[in-house]
Amino acid sequence: MPTADNLRSIELYRRTAAGYDASTGPTWPIRMRCIERLTLRPGETVLDVGCGTGLSFEALLQGVGRSGRLIAFEQSPEMHAQARQRADALRADGWSVELHCTSAEEVQLGAAPDAALWHYVHDITRSPAALDNLFAQVRPGMRLAVAGMKFFPWWLAPLNLLAWLKNRPYNVHAHELHEPWSLLAPRLERFEWEATQWGMGYLGSGVVKAASR
Ligand SMILES: C[S@@+](CC[C@H](N)C(=O)[O-])C[C@H]1O[C@@H](n2cnc3c(N)ncnc32)[C@H](O)[C@@H]1O
């Protein structure tokens, strides 16, 4: 059953899905750096968490190669419809892509990925139920790379109104931007992050701990 947060997020993306791809240009270098942090190898299985319209599919598949596999999920029907078009075209070209239209709280992955991309999926990062479900299905040692928005450091605090306003059209939990990784990081070892976008974003990575469930 979708939660109230799931339904609110789906409603947000009903309004933003059509213009989503056009809005992502400025964060493209961060997407590429986030994918690089996964250090993908041929033959691996990679998970795209909250894949949106599938903008990361090609780069992820280049990393795992023709012998590898991409699993992706997305709960917004409008975002998923665009991802499905990309997935269909890639499958027709011989790539292995499995795409689910479901929430992070309910998805059943069907395979344990070697690496997971967590790119600009703040509401998933802030959902304990989503993290419980996903981490119950991944194996210790899985590599994870995460990027998203955060609040500016305290000396730039007045600018946080801007950060909040930028996040509101996309995130139900737009107010939880102080340490957005705080529920994720304890499940990872060797977690490290760096600030991006003059302090309004972050890029992090780590590997899943043995006792992360
Ligand atoms: C800012 S978009 C990012 C999409 C994609 N990861 C990208 O990098 O372009 C956030 C996506 O997360 C999805 N999302 C939010 N909460 C979710 C949840 N609980 N389960 C699945 N998808 C969710 C939204 O529908 C939206 O497509």
Checklist line | Selection from segment 65-81 of residues that are under 22 Å from VAL146 (Cα atoms) and in contact (Cβ under 8 Å) with a residue 40 or more places away in the chain | finding: ARG69, ILE71, GLN75, SER76, MET79
Item checked: Residue pairs meeting the criteria (Cβ under 6 Å; at least 6 apart or on separate chains; first over 14 Å from GLY206 (Cβ atoms) and in a loop (DSSP other than H, G, I, E, B), in segment 127-141; second open to solvent by less than 30 Å² (accessible area, probe 1.4 Å) and within 14 Å of the ligand (Cβ to nearest atom)) -> GLN137/LEU109
Note to self: Just the residues that are out of contact with any Leu (no Cβ under 9 Å at 6 or more places or on another chain) and either within 7 Å of the ligand (Cβ to nearest atom) or closer than 29 Å to PHE151 by Cα (or both), please, taken from segment 107-122.
What the structure shows: TYR120, VAL121
Note to self: For the condition β-branched (Val, Ile, Thr) and either near the ligand (Cβ under 8 Å from one of its atoms) or open to solvent by less than 50 Å² (accessible area, probe 1.4 Å) (or both), what is the one hit in THR27, THR39?
What the structure shows: THR27
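Being open to solvent by 20 Å² or more (accessible area, probe 1.4 Å) and more than 8 Å from the ligand (Cβ to nearest atom) is the filter; apply it to segment 47-62 and report the residue that is farthest from the chain's Cα centre (by Cα).
GLN62
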Check: Picking from PRO180, PRO169, PRO113, which residue would you name as being surrounded by fewer than 17 Cβ atoms within 10 Å (Cβ to Cβ) and either free of Cβ contacts under 8 Å to residues at least 40 places away in the same chain or part of a loop (DSSP other than H, G, I, E, B) (or both)?
Finding: PRO169
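The values are calculated or read from the model by the stated rules, or taken from the named source; none is laboratory data. The structure displayed is predicted, hence computed values, not measured ones. All Cβ positions, even for glycine, are placed from backbone atoms using ideal geometry, and neighbour counts span all protein chains on display. Heavy atoms of the whole protein, side chains included, go into the accessibility calculation; ligands, DNA and RNA do not. Shrake-Rupley method; radii C 1.70, N 1.55, O 1.52, S 1.80 Å.
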